[in-house]
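J.: Have a look at the structure that comes next, please.
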Amino acid sequence: MQVFIETPIEYLKGVGPQRGELLRTELGIATFGDLLQHFPFRYVDRSRFQAVRELHGEMENVQLRGTVSQVKTLGEKMGRRLTAKLTDSSGTIDLVWFKGIRWLQPVLKDGAEFIVFGKVTEFNGRLNMAHPELELAANWEAGLDNALQPVYSTTEKASARGLNSRGIGKLTEAMLQRPDFYLPETLNPDLVTLLGGISRMDAFRHAHAPRDQRLLDEATRRLKFEELFFIQLQLLKQKVLMARSVHGVRFTKVGTLLNDFYSKHLPFEPTNAQKRVVKEIRKDMGSGRQMNRLVQGDVGSGKTLVALLSMLISLDNGYQCAFMAPTEILAQQHFATLSRMLKEMPLEVRLLTGSTKTAERRSLLAALKSGHIHLLIGTHALLEDPVVFHKLGLVVIDEQHRFGVAQRAKLWAKAEVPPHVLVMTATPIPRTLAMTLYGDLDVSVIDELPPGRKPVKTVHRFDSSRNAVFAFLEEEIAKGRQIYIVYPLIEESEKSDLKDLTDGFESLSRRFPLPKYAVGMLHGRMDPATKDYEMARFKKGETNILVSTTVIEVGVDVPNASVMVIENAERFGLSQLHQLRGRVGRGADQSFCILMTGDKLGNDSRTRINTMVRTNDGFEISEVDLRLRGPGDLMGTMQSGIPELHIADLIADVEILQQARSVAQRILDADPDLRDPAHVNIAAVLSDRTRNKPLWGRIS
Ligand code: ADP
Ligand code: MG
């Protein structure tokens, strides 16, 4: 039997092959189910009217009630059009039609009262409405059953062929009225009650054709809850299964390595937050379960030390560690830092990246397999098949929010018992997103910066005041500080971006000439050896200024660098700006971040810049970012493989998300296998989802 929601959209009256194709390609609607999930993004209250006087520029979904006058046709052939004036108590607006003139002219009687609905635009300084929906006021009053008119999103192309909001609404209506319309209940009776008692079928009905605001609210709340609930249930269930089937190595010993390091080689006292997080990690790794923990800590909060202490626990228990970084530069930096910190310890620390030479690689792999290497640091190269460990106990993944379950699974193959996994990220992810992205991970937060840090002072400067900025840089250099100057490098405009970078480098070299000054340059296209060289020179203080692209964005740590200048700051996203700013403010000196922009700024860029100037708080910044970009985009760039949301909104519906998560948790706590007959509905949905849409399916 054909399930209702799987019925191809062509089977709907009024669709046919051509429209079917249009629905599929333009709106992604292939089945009845897809059409059902194409929710209105807004509702217009058709019992309310705007006044002509309130109208301005571009306005959509404008509804007016007024009297028609001066109906006439103008122009010839292609330019032929029908115009009329609509007058209400506040003013007059032009109406215009280019098509259907023959039908409309007899209807538009001078002096008749009409309801018009449509989009207002400004043309030659006059407001007009082209092709409004039109109804005689008398008819309209008689037929007023649904005051709340759904507004559906559509595309220009679909719209031009009759699939405008109204057209989609008609199709939806036809579908809901089919005698075979049936949707099985997905929630348990008590959950339905909790959500106001509205059934699934009714919820869909009211979401598309609400009778009143209250029913609409109830319906959308239920549908949002349901959408978020099943995602949470799936994530949490995965966690239950993992805890059950996957045993972890039990690290019981706190041995000499950790103790020695702690008492003799620790370069600074860990912050309380660092101590707390290490404790949480130790507890996980000692539990006999496999650890999957996310450590969130703002830039500069000291995640590296947390990783190091955790790795020492693993080593004390006789297990090797892997430390994976997203870029070669960062891997090298970690290698340098960790080698330095561990140099008095009897430990073999090695680096493996894509540019490790074949011969070296061969001996390294052999030493790894025999257990001679204790700690291997590297890039994605660590994931490759020939990389075989003797006994891998802990994998630390730094700054990679793209690292999903699939990648983690790849690591498991590298050990008999899956290693513990620690994911570290500074990319501030709003809690709601973290809950959805990392719902199957435990989360620790380092919510404290090491003492003595002064917040970075951030200012916005226009390109026109560049000279003053350079004078400031000169002063800072005179104080012995170092400076980053970062240029955007966007792949699509790579050529001109690289030119901007080299031009910038040249003009800086002229402004800060040798031998008094030294300016270095760094970008991703340079060969690794040159990159190393430039980075090393800057680290050693041999260059005063490093002109670079965002290759230095993540994790790079040069405490003496105290000024970050970001060129074309309007072209960067918020989280990127925040990451870049995090490269300074690492020492005890006052640090600065200077955001350079052109004179003209769009609204979003202005908000981004102002947010950066206003706050240093990564979480606050991430909330603004999420609001500006929308979760889709944010997650798109993260390639997170997050399930698509049709009705819920991660920003607006935080509260529902939290409720969904806690209900899901409560259910699984009481009935982890969903065997209770009361849970039969949700168990069915869950097994269906797990079969058809594995949560992380899109990660390759
Ligand atoms: P992130 O969390 O951004 O990875 P890092 O681990 O790179 O931060 O640490 C940032 C800087 O702070 C480093 O220079 C590090 O040596 C220093 N640091 C880390 N923890 C402490 C601490 N407890 N006290 C003082 N300095 C610290
Ligand atoms: Mg780091």
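J.: All but one of (1) more than 16 Å from ligand 2 (Cβ to nearest atom); (2) in contact with an Asp or Glu (Cβ under 7 Å, 6 or more places away or on another chain) hold for Gln576, so report the exception by its number.
T.: Gln576 satisfies all of (1) more than 16 Å from ligand 2 (Cβ to nearest atom); (2) in contact with an Asp or Glu (Cβ under 7 Å, 6 or more places away or on another chain) except (1).
J.: Among the residues of segment 152-175, what is the count of those that are under 22 Å from Arg214 (Cα atoms) and buried (at least 17 other Cβ atoms within 10 Å of the Cβ)?
T.: 3
J.: Here's another thing I want to ask about it. Return the residues of segment 297-340 that are away from ligand 2 (no atom under 11 Å from the Cβ), among the hydroxyl-bearing types (Ser, Thr, Tyr) and more than 14 Å from Val423 (Cβ to Cβ); say none if nothing qualifies.
T.: Ser314, Tyr319, Thr327, Ser339
J.: For the structure I just gave you, tell me whether Glu280 is within 30 Å of Thr615 (Cβ to Cβ), of a type outside the set (A, V, I, L, M, F, W, C), away from ligand 2 (no atom under 16 Å from the Cβ) and without any contact (Cβ under 8 Å) to a residue 12 or more places away in the chain.
T.: no
J.: Further, regarding this structure: If you scan segment 13-32, which residues turn out to be surrounded by 16 or more Cβ atoms within 10 Å (Cβ to Cβ) and out of contact with any Phe, Trp or Tyr (no Cβ under 7 Å at 6 or more places or on another chain)?
T.: Answer for segment 13-32, where residues must be surrounded by 16 or more Cβ atoms within 10 Å (Cβ to Cβ) and out of contact with any Phe, Trp or Tyr (no Cβ under 7 Å at 6 or more places or on another chain): Val15, Arg19, Gly20, Leu22, Leu23, Arg24, Glu26, Leu27, Ile29, Ala30, Thr31.
J.: How about segment 513-566: which strands (runs of 3 or more DSSP E) wholly inside it have at least 1 residues that are over 13 Å from Leu580 (Cα atoms) and more than 16 Å from ligand 2 (Cβ to nearest atom)?
T.: 519-522, 545-548
J.: When you scan segment 314-419 for helices (runs of 4 or more DSSP H) that lie fully inside it, which ones turn up with 1 or more residues that are in contact (Cβ under 8 Å) with a residue 60 or more places away in the chain and not small (Gly, Ala, Ser)?
T.: Answer list for segment 314-419: 328-341, 405-412.
J.: Look at segment 536-555 and say how many of its residues are at pLDDT below 90 and in contact with a Ser or Thr (Cβ under 9 Å, 6 or more places away or on another chain).
T.: Number of matching residues: 4.
J.: Let me ask something additional. Could you tell me whether segment 497-511 includes any residue that is surrounded by 14 or more Cβ atoms within 10 Å (Cβ to Cβ), assigned by TED's automatic domain parsing to the domain that holds Leu580, more than 19 Å from Arg461 (Cβ to Cβ) and modelled with pLDDT under 90?
T.: Among the residues of segment 497-511, at least one is surrounded by 14 or more Cβ atoms within 10 Å (Cβ to Cβ), assigned by TED's automatic domain parsing to the domain that holds Leu580, more than 19 Å from Arg461 (Cβ to Cβ) and modelled with pLDDT under 90, which makes the answer yes.
Okay, residues lined up against (1) touching a strand residue (DSSP E or B) at 6+ places or on another chain (Cβ under 6 Å); (2) farther than 30 Å from Ile651 by Cα:
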{"site": "Ala434", "(1), (2)": "no, no"}
{"site": "Val445", "(1), (2)": "yes, no"}
{"site": "Val456", "(1), (2)": "yes, no"}
{"site": "Val469", "(1), (2)": "yes, yes"}
{"site": "Leu473", "(1), (2)": "yes, yes"}
{"site": "Tyr484", "(1), (2)": "yes, yes"}
{"site": "Leu489", "(1), (2)": "no, no"}
{"site": "Leu522", "(1), (2)": "yes, yes"}
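J.: Same structure, new question: Considering Gln407, Gln333, which residue is of a type in the set (S, T, N, Q) and either at pLDDT 90 or above or under 21 Å from Asp284 (Cα atoms) (or both)?
T.: Result: Gln407 is the single residue among Gln407, Gln333 that is of a type in the set (S, T, N, Q) and either at pLDDT 90 or above or under 21 Å from Asp284 (Cα atoms) (or both).
J.: Can you go through Arg178, Arg102 and tell me which one is loosely packed, with under 14 Cβ neighbours inside 10 Å and more than 34 Å from the chain's Cα centre (by Cα)?
T.: Arg102
J.: Here are some residues: Val299, Val254, Val249. Which one is touching a strand residue (DSSP E or B) at 6+ places or on another chain (Cβ under 8 Å) and either part of a loop (DSSP other than H, G, I, E, B) or within 9 Å of ligand 1 (Cβ to nearest atom) (or both)?
T.: Result of the check over Val299, Val254, Val249: Val249.
J.: Sticking with this structure for a sec: For residues that are free of Cβ contacts under 8 Å to residues at least 60 places away in the same chain and not in a loop (DSSP other than H, G, I, E, B), scanning just segment 257-275, find the one that is nearest to ligand 2 (Cβ to nearest atom).
T.: Lys275
J.: Now for a separate question. Only one residue in Glu60, Glu10, Glu21 is in contact with a Lys or Arg (Cβ under 6 Å, 6 or more places away or on another chain) and acidic (Asp, Glu). Which one?
T.: Just a single option satisfies the conditions, and that option is Glu60.
Each row is one residue, and each column tells you yes or no for (1) modelled with pLDDT under 90; (2) surrounded by 18 or more Cβ atoms within 10 Å (Cβ to Cβ); (3) of a type in the set (Asp, Glu).
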position	(1), (2), (3)
Leu223	no, yes, no
Phe230	no, yes, no
Leu233	no, yes, no
Val240	yes, no, no
Gly248	yes, yes, no
Asn259	no, no, no
Gly288	yes, no, no
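J.: With the structure loaded, tell me whether Glu133 is in contact with a helix residue (DSSP H, G or I) (Cβ under 8 Å, 6 or more places away or on another chain) and over 25 Å from Lys77 (Cα atoms) or whether it fails that test.
T.: For Glu133, the condition - in contact with a helix residue (DSSP H, G or I) (Cβ under 8 Å, 6 or more places away or on another chain) and over 25 Å from Lys77 (Cα atoms) - is not met.
The values are calculated or read from the model by the stated rules, or taken from the named source; none is laboratory data. Here the structure is a predicted model, which is why all the values come from computation and not from measurement. Quick reminder, even Gly has a Cβ in these numbers, built from the backbone with ideal geometry, and neighbours come from all protein chains shown.
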